[in-house]
Every structure is written in C-alpha cells, then in structure tokens.
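Input: a single structure, listed below in structure tokens.
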Amino acid sequence: MGIDDVIAINLAQVEGCYTGKTEGILSYQAGKVIRLQEWLSNNPHSLDDSYAYSDSVNDVPLLSAVANSWAINPGDKLSAIAVQQGWEIVKWVR
C-alpha cells in the first residue's frame, strides 16, 4: 500500500513474546497528538496543512491539532464540538 510509517499502540514483549500488555503512550485521545508530535519531531513534516477526520469524540484532541478537521457521522457530543469549532460535518449514508 506504500505506507512508510504507522502510529499505533506499542505492544510489550518479553524475550520476543507478546505479553498482552501495552507500553508507552497509547495512541488514544490526547495520546494520539503526543505520538504524532513525536513522529513529526523526527520527520520533515508539519501540521500546517494537515487533515484529520473522525466519528469519535475521543479524537477531539487530534481534530483540534490539525489544520483541517471533519466530523464524520458524529454523535451528539462530537457534533456539538464540531459546530462550536467550525469543523466540517459530513453524514455518510448508504
């Protein structure tokens, strides 16, 4: 698929075997922004012309950090925040 980097949860290992536990900062809620900032500090990119979309209120920190945000099929909480922040709201239907 041509994907060079992924920001995901780090899984703990002991002697090369996964333990079922996680380690480090989780890429969840504000942790997504922290992990993204860490990645940006090692790569020649910025958030100046960045994009993000989500259907979850858990991603408000990420949506707040990027330049262009979309709330996709948002629930009531995310919809209210999107309206307040001036984010695009998109309703995908079949």
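From the helices alone, meaning DSSP H stretches of at least four residues, give me the mean residue ellipticity at 222 nm for the chain, per-run term -39500 (n - 2.57), in deg cm²/dmol to the nearest 500.
Details: 3 runs with 28 residues, N = 94.
That comes out to -8500 deg cm²/dmol.
For Asn42 and Val14, what is the calculated FRET efficiency with R₀ set at 35 Å and r taken between the beta-carbons, to the nearest 0.05? All intermediate terms of the calculation are to be shown ahead of the outcome.
Numbers: r = 27 Å, r/R0 = 0.77.
Efficiency, from the Cβ-Cβ distance: 0.85.
Go ahead and run the numbers for FRET between Ser79 and Val6, Cβ-Cβ distance against an R0 of 30 Å, rounding to 0.05.
0.55
Could you state the angle between the C-alpha long axis of helix 76-85 and the longest principal axis of the C-alpha atoms of the chain, as a value from 0 to 90 degrees rounded to the nearest 10?
Long axis of 76-85 versus the principal axis of the chain: about 70 degrees.
Over its Cα atoms, what ratio of radius of gyration to 2.2 N^0.38 Å does the range 36-80 give?
Rg over 2.2 N^0.38 Å, computed on Cα atoms: 1.26.
Considering the range 4-43, what Rg and Dmax in Å follow from its alpha-carbon atoms?
Cα only, the range 4-43: 11.6, 31 Å (Rg, Dmax).
Nearest 5 is fine: what % of DSSP beta bridges in the range 1-91 come out antiparallel, could you say?
35
Restrict the search to the range 1-84; then list the GluC sites (Glu not before Pro) that DSSP places in a loop and that have at most 16 other Cβ atoms within 10 Å of their Cβ.
For GluC sites (Glu not before Pro) across the range 1-84 that sit outside H, G, I, E and B with at most 16 neighbouring Cβ atoms in 10 Å, the list reads Glu15.
Stokes-Einstein D for the chain at 25 °C, 0.890 mPa s, Kirkwood Rh over Cα pairs, in µm²/s?
Rounded to a whole number, D works out at 163 µm²/s.
Residues with beta-carbon under 12 Å from that of Lys77, excluding Lys77: net charge, scoring Lys, Arg +1 and Asp, Glu -1?
-3
Which lysines does Lys77 reach when only Cα atoms under 17 Å apart count, and residues fewer than 8 places away in its own chain are ignored?
Lys91
No value in this document is a laboratory result; all are computed from the given coordinates. The model shown is predicted, which means the values in this text are computed figures rather than measured ones. Every residue, glycine among them, receives a Cβ derived from its backbone with ideal geometry; neighbour counts consider all protein chains shown.
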